[in-house]
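Worksheet for the structure shown next.
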Amino acid sequence: MEETDVVVIGAGQAGLSSAYFLRRLGLEPVVLDAADGPGGAWRHRSPTLTMDKLHGIFDLPGVRRDPEADGRRPAAEVVPASYAAYERRMGLGVLRPVTVSTVAPGPRDRLLVTAGPAGPHAGRVWAARAVVNATGTWTRPYWPYYPGARDFRGRQLHYAAYRGPEEFAGRRVVVVGGGHSAAHVLSELAGVAAATLWVTRRRPVIREDDFGEEARREAVARVEARVRAGLPPQSVVSVTGLGHTPVVREARAKGALERLPMFARITPYGVAWADGHEEPADTIVWATGFRSALDHLAPLHLRRPGGGIAVDGTRVPAEPRVQLVGYGPSASTVGANRAGRTAARNVHRLLTGAAPDTPADTLTAQVP
């Protein structure tokens, strides 16, 4: 058992942001990451998702990125490389691969963070005074169930496994989901697949404005209200709508954004609606989002009757030693840096007894 002040679980944007601000406040976090290299979820994105297609990527705190420098390079290459450089530059010393199996109450007001049985750090236990959880969502793709799914003779895949349009040439593809992931797939398959069909549960709203700071704050506040009440967080795009981004513009120009309401069932050779209408399909792409990867926190019994974890900012009122970043409003790049800063402030106050009006409240990122 290794004693430490704070453990950060996850080294994506939210985790690295938290570690950066913790160090600014004089704390030295142990940072654990399940992947075998830097980059978080970006490591697993489709190679066709290039930097100029992204609808939003925010700098890590303390650095500035040239948004025009990478252009047509895949985000799955550019972002992990920038994260690796950031870890070196900031001296974060991330331990990987470490899959945390449990976070549980321990002796002397400590939380025991236990590594799983595999990998070079198998079985290690850190006894921490505080934990910042930044495990994100990518490892838990969400597949909704519809009757007939098991009898479908074609192929079904989640957006997490999408690697580009070539393998869908000549196929009839149904794309399910109302977010930017669906728009990305539609923008590339139109003109390559034999046919594309876009279906969503709710009628999508495509924003024609630039979605400025005020609109972002309003969207984050609406998601925060749900998680404060202990309800499962909504996706940010369900609140913000689809931005007028490069992939949305491309999909619209190709005529691929003609949306149909959600089908009622899946047939062996397609999909069908309650009114009897059917459409043939060879492939279904589920661009239906992800759920938070929080199973390792189960020993803390944090979930509320509503199914979610009640969070005030990033602090879990039921267990103040735990901060959740990359959850709810900070589950996108829009809120990740702000969440990291908030989590660091909360941990600093918890461990030092600092009053709310200490310099931690004016904490800002500094460019080295």
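Read-outs: derived from the displayed coordinates by stated rules, not from any lab. The shown structure was predicted, so the numbers you read here are calculated from the model rather than taken from an experiment. A quick note on method: Cβ atoms are made from the backbone with ideal geometry, for glycine too, and the neighbour counts reach across all protein chains shown.
Sorted from fewest to most neighbouring beta carbons within 10 Å, what does the list HIS348, HIS244 look like? Numbers along the way, then the final one.
Working: HIS348 25, HIS244 15.
Ranking HIS348, HIS244 by Cβ neighbours within 10 Å, fewest first, gives HIS244, HIS348.
How much length would be gained if the chain were fully extended between GLU28 and ALA354, taking 0.36 nm per residue of separation minus their Cα-Cα distance, in nm to one decimal? Working shown, then result.
Working: separation 326, 0.36 × 326 = 117.36 nm, distance 1.71 nm.
Result for the pair: 115.6 nm of gain on full extension.
Quick check: convex hull over the Cα atoms of segment 1-126, volume per residue in Å³, rounded to an integer? Don't skip to the answer; put the middle values down first.
On the way: hull volume 14.4 nm³, N = 126.
About 114 Å³ per residue, rounded to a whole number.
As I understand it, the dipole of segment 75-132 uses +1 on the Cβ of Lys and Arg and -1 on the Cβ of Asp and Glu, about the Cα centre. Which of ALA84, GLY123, VAL100 lies farthest toward its positive end?
Going by the charge dipole, the pick is GLY123.
Ranked from highest to lowest mean number of other Cβ atoms within 10 Å per residue, what is the order of the peptides 25-36, 246-257, 181-192? Could you put the intermediate results ahead of the total?
Working: 25-36: 19.7, 246-257: 18.1, 181-192: 24.6.
Descending mean neighbour count gives 181-192, 25-36, 246-257.
Spelling out what I want: for every residue of segment 274-290, take phi, set θ = phi - 60°, compute 6.51 cos²θ - 1.76 cosθ + 1.60 (Karplus), and round to whole Hz; glycine and proline get x.
5, 7, x, 5, 10, 9, x, 7, 9, 9, 10, 9, 8, 9, 10, x, 9
Rounded to the nearest 0.05, what FRET efficiency do HIS44 and GLU278 have when you use their Cβ-Cβ distance and R0 = 45 Å?
On the way: r = 34 Å, r/R0 = 0.76.
That gives a FRET efficiency of 0.85.
Enumerate the residues in segment 264-293 having an amide nitrogen under 14 Å from the point lying 7 Å beyond the Cα of GLU167 toward its Cβ.
283-286
Can you sort THR342, THR314, THR283, THR196 from fewest to most other Cβ atoms within 10 Å of each residue's own Cβ?
Values: THR342 22, THR314 31, THR283 19, THR196 27.
Neighbour counts put them in this order, fewest first: THR283, THR342, THR196, THR314.
Beta carbons within 10 angstrom, averaged per residue: use that to sort the peptides 119-126, 37-44, highest first.
On the way: 119-126: 15.6, 37-44: 20.0.
Descending packing order for the listed peptides: 37-44, 119-126.
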